[in-house]
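Reviewing the structure listed below.
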Amino acid sequence: MSFEVIGTTTDLKSGTHVIYCQASLDKYLDIVGEDFGEFSLQRKRESHKAYKRLREDIVGGALLPSITLSVKHHLVEDIIGHINNKSALTDLLSRDDVVDILDGLQRTYIISDLKRNGVVFKEGQKLLLEYWLEPDLSKLIYRMIVLNSGQKAMSMRHQIELLFLSLQETISSRLEGIEIIKEKDSKRRTQVKKYHLSSIVASYNAFITASHETDKENLVAQKLIDDGAFDSSEDELTAQFEDYMYYLGVFIKLDEMCWGLYTTNQIDENGEEIDLGDSQNWLGSENVIVSIFSAIAQFLKTEKKDRVDKAFDKLFNVIEAGELDPLGLNVFNQVKIGLIYKKANMGFVTRKLIHTGFKEYFRDCGDTSLAACWPQAAE
């Protein structure tokens, strides 16, 4: 198995370092690891008929288009420190668990399948690999959301997925105790501050678009929403990301405070049982996370950040005071059931109700309880 650094360059617009390498197909599979498909989130495996011919070409020794890889953000500074040391770069870039695949996932699936089926690749057959290294968080956000969109036909959601694949370790280091789960399957949360990567991606998407509907059936409306975010400057995207990280911290605090408070059932002051369902995991639901962050974003866009902050402060005070159901989930569940009888799309109904309910809560700076906001949101 061979690996060689063949050159370096710099993207003059963003200042991003790019390193070009050649690797044997076997070495490339070692670098991306067996679980490379687990990082793809929405980028599902395709079965295009052209891939049959591609398989035959690879077996025949064809030279493939370059594959683009992103060095994980928390490793970038160290690798750039060796940018002029070819030997060190060779060692650092040829390790496993260093990169995510930005462009070339389907080719990687095919190469992996061929090896698994016993194909021995031709001697001297190599891949051209393009490594992106961006130490500046603001430039990484700008490049992966805006610049990359002009080069590849990807949705806003897909752009954000690529960004968060690279930023996952950075986020975990900034928010103490958070655990981001990579698995595609929807496993029930067993502990607080534990979220699926897809939910974190969806929450940021909702935050920068200020919309709880990130996959509109109305494609024109979705394009207008995405284009608005794509038009943002580097400074605007950086400021948005910092705001998002701040409120992600606030959300995690709320989750932590509510985790021990909510059980399957509670007893009210009259000794009657309150059925709250699986409320302990309510804040871990993607529908809930998306709806809360889209509501926050709408208030920030109208420069009413103070209302959001006051509302969260009052919610925290209510929880600390020992209120049984500070989120008003008993009322929420009743209101939701009433709405679902009228409309078929349960996911849409749930997101709209939560989004509007929190907007009502923020509008009144938390002076009106969430339990009182839910019926208002359903009107």
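Please treat every number below as a calculation from the coordinates, not as lab data. For clarity, every value in this text was computed on a predicted model and none was experimentally measured. Cβ: placed from backbone, ideal geometry, glycine included. Neighbour counts: every protein chain shown.
Going highest first, how would you order 241-252, 169-180 by mean Cβ packing within 10 Å? Write out the running numbers ahead of the final one.
Values: 241-252: 17.4, 169-180: 14.2.
Highest-to-lowest ranking by the protection proxy: 241-252, 169-180.
Considering every alpha-carbon pair of segment 3-135, the percent of pairs per 5 Å bin, from zero through the bin containing the longest distance, is 2, 10, 21, 23, 19, 13, 8, 4, 1. Neighbour counts of C-beta atoms inside 10 Å place 158, 74 in the sequence 74, 158, starting with the fewest. If I take R0 = 25 Å and measure r between the Cβ atoms of residue 324 and residue 191 in this structure, what FRET efficiency does the formula 1/(1 + (r/R0)^6) give, to the nearest 0.05? Computed FRET efficiency for residue 324 and residue 191 comes out at 0.65.
When each of the peptides 346-352, 325-331 is scored by the mean number of other C-beta atoms lying within 10 Å of its residues, the order from highest to lowest reads 325-331, 346-352. What the phi angles of segment 102-115 give under the Karplus curve with 6.51, -1.76 and 1.60, with θ = phi - 60°, is a coupling list of 8, 9, x, 5, 5, 4, 5, 4, 5, 4, 5, 4, 4, 5 Hz, glycine and proline written as x.
Using Cβ counts within 10 Å as a stand-in for footprinting exposure, how do 374, 259, 132 rank, fewest first? The fewest-first ordering by Cβ neighbours comes to 259, 132, 374.
The modelled label-to-label distance for the pair residue 261/residue 182, using points 7 Å beyond Cα in the direction of Cβ, is 3.5 nm.
What is segment 3-135's relative contact order, in percent, from Cα pairs under 8 angstrom and six or more apart in sequence? It would help to have the intermediate numbers written out before the result.
Numbers: 188 pairs, mean separation 58.9, N = 133.
Computed over segment 3-135, the figure is 44 percent.
Each residue of segment 121-132 was assigned a 3J(HN,Hα) from its phi angle through the Karplus curve 6.51 cos²θ - 1.76 cosθ + 1.60 (θ = phi - 60°); the sequence is 6, 5, 5, x, 6, 10, 10, 8, 10, 10, 9, 9 Hz, with glycine and proline shown as x. In this structure the amide hydrogen of residue 103, modeled in the peptide plane, comes within under 5 Å of the amide hydrogens of 68, none closer than 5 places in sequence on its chain. Legend: ranking of residues 307, 55, 143 from fewest to most surrounding C-beta atoms inside 10 Å; resulting order 55, 307, 143.
Ranking 81, 25, 110 by how far each Cα lies toward the positive end of the dipole of segment 3-135 (charges on Cβ) leaves 110 at the top.
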